1. Below 8 Å, C-alpha to C-alpha, sequence gap of six or more: please give me the relative contact order for the range 77-359 in percent.
2. Based on alpha-carbon atoms only, what is the radius of gyration of the range 252-338 relative to the globular estimate 2.2 N^0.38 Å?
3. Report, in whole Å, the centroid distance computed from the Cα atoms of the range 78-116 and the range 136-153.
4. Sort 149-162, 203-216 by the packing proxy (mean of other Cβ within 10 Å over each peptide's residues), most packed first.
5. How large is ³J(HN,Hα) for each residue in the range 306-314, as worked out from phi by the Karplus curve 6.51 cos²θ - 1.76 cosθ + 1.60 (θ = phi - 60°), to whole Hz, x for Gly and Pro?
6. How much length is gained if the chain between Val246 and Asp69 is pulled fully straight, taking 0.36 nm per residue apart and subtracting their Cα-Cα distance, in nm to one decimal?
Amino acid sequence: MWGRDRSRHGPRGRNGTMEPARHMMMKITMPPPGEDSPSSRSPINSPWYYCNFERSMSQARRSQAIDPDVLSGLVMKTDGAGLGALALHLLLLGLLAAGSLWLPPVPAALCWCGYAVVLVFSFCPLHETIHETAFASRGLNRGVAFLCGLILFLPPRYFRSFHMTHHRHTQVPGDPELGVPKPGSRWGYVRHVSGLPYWVAQGRMFLRYASGRVDDFVPASRRDAVVAEARRFLLIYGALATLSVVFQTAALWWYWILPVMVAQPALRMFLLAEHTGCPEVPDMFDNTRTTLTNPLLQRLCWNMNLHTAHHAYAGIPFHRLPQANRLISDRLVHVGHGYFRVNREIYRALGRKPAAAVAGAP
């Protein structure tokens, strides 16, 4: 239903036999939510024990999937690959923007729509740079992250805290993404994909963070910097708005604000495919989907469609994810064939299943 799904049979080892960890894992009973550490209840029945036990099994499976010597080569960072991908991204933006200005109305409108999609997919270099794997240079990572975050109204220091917590607790209690409600109905899907909830959430985030109130996932040592960055972003936005009024130009509206709003559904559909419909368990091979797509979109998303490899080995730079994906291909549990197909299945399932079933295992 969700692409190629082998979850009913469990992940298999290289010799094709069932891995015993799955049977051990399924015998552990999850207690009611809200218990984040061992308590007076039996520790084996606590989410803390469950998550850490299964996470240790997941780590063991990951250590067996890629030879350590091979992995040490895969995690090597370089500036060249990131600069090449960034140059392609900027080239596409430049060509499409030029086409929207100089071509006849119909092809110009198509170029503008393409420009909007490429612009909103600045999320992908932002994602890579907050991991600090896009470039070997820390300065390049931080500079590109700042600019991409500015485009998307997503401050990189805030996003890094949010996203690193998501990686530490993927699909288990403590994952901040689980705090963002998944679509629970077909209307909820349409609303989510529209991007409206994203803009409302970001507006609230800026107001809270600029006033000094941050989420628990932001480490205490970084809270001042995260708050300062949110305030800095608001000052920059205010300055740009003022300059637009003073110079009576709508350039920022037509080539920044409106594009990231209009193309937001493309990004929401892309992000929904990563975990929606996968079980809420710590096993990185089971809680994440890899989505096969065309070469152009794979380049545009900086190989983030190979999302299982990214979650299993978050230190591998984007340009080496195809190699990592080939090495773990026999262990992938959820594989989608195209983003429209995955989203179509999500939408259809929302008409047949309760929200909990769609958010968890199909």
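Nothing in this text is a laboratory measurement; each read-out follows from the coordinates by a stated rule. Values in this document were obtained by computation on a predicted structure and should not be read as measured data. Ideal geometry is used to build each Cβ from the backbone, glycine not excepted, and the neighbour counts take in all protein chains shown.
1. Computed over the range 77-359, the figure is 22 percent.
2. 1.20
3. Distance between centres, Cα-based: 19 Å.
4. Averaged packing, sorted descending, gives the order 149-162, 203-216.
5. 7, 6, 5, 4, 5, 6, 5, 9, 5
6. That pair, Val246 and Asp69, stretches by 57.9 nm at full extension.
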